[in-house]
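The values are calculated or read from the model by the stated rules, or taken from the named source; none is laboratory data. In this text, all values refer to a predicted model and were calculated from it rather than measured experimentally. As a convention, Cβ positions derive from the backbone with ideal geometry for all residues, glycine included, and neighbour counts pool all protein chains shown.
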Amino acid sequence: MAVDTKRMYEEKMVKSILQNKSLEQLRPGEQGVIVNVPANSFLASLGFRAKKTVKIIAKELFNGPLLCSVDGRNIAIGSDVAGKIIVNSTEK
């Protein structure tokens with residue numbers, strides 16, 4: 001019995017890890033729940049905090065800014081910053 005429980009836990013953890021990606025990796029229309037944000041009071045003031053849902057509205061070409069929706073507000077952030085925000089991607 002314990003072996004089955006352990007296997008189920010491991011499968012759940014692997015699935016969770018595979019769903020984690022940087023905000024920069026999401027495509028327009030995709031959304032995710034923020035898992036980890038760099039310690040930055042400016043990002044927190046914009047609404048980028050753990051357990052918040054963020055949706056990608058648009059991405060500019062050539063590593064340009066991303067337009068995101070957090071707490072009903074549209075916010076543009078640089079792709080370098082978006083690459084440091086880790087989200088657990090969710091289905092639309």
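A few notes on this one:
- Among the residues of segment 26-43, the ones that are loosely packed, with under 14 Cβ neighbours inside 10 Å, of a type in the set (G, A, S) and either under 13 Å from V70 (Cβ atoms) or without any contact (Cβ under 8 Å) to a residue 40 or more places away in the chain (or both) come to 2 in all.
- In segment 64-75, residue nearest to R27 (Cα to Cα) [restricted to those that are exposed (fewer than 13 other Cβ atoms within 10 Å of the Cβ) and touching a residue at least 12 places away in the same chain (Cβ under 8 Å)]: G64
- Strands (runs of 3 or more DSSP E) (entirely within segment 16-60) containing at least 1 residues that are over 15 Å from S89 (Cβ atoms): 53-59
- Qualifying residue in segment 79-92 (condition: loosely packed, with under 14 Cβ neighbours inside 10 Å, of a type in the set (V, I, T), under 13 Å from the mean Cα position of the chain (by Cα) and within 16 Å of S22 (Cβ to Cβ)): yes
- Checking S69 against (1) modelled with pLDDT of 95 or more; (2) part of a helix (DSSP H, G or I), the condition it does not meet: (2)
- Lone qualifier among K84, K51, K59 - being modelled with pLDDT of 90 or more and at positive phi: K51
- When residues of segment 44-62 are limited to those that are among the β-branched types (V, I, T) and within 15 Å of S79 (Cα to Cα), the one surrounded by the fewest Cβ atoms within 10 Å (Cβ to Cβ): I57
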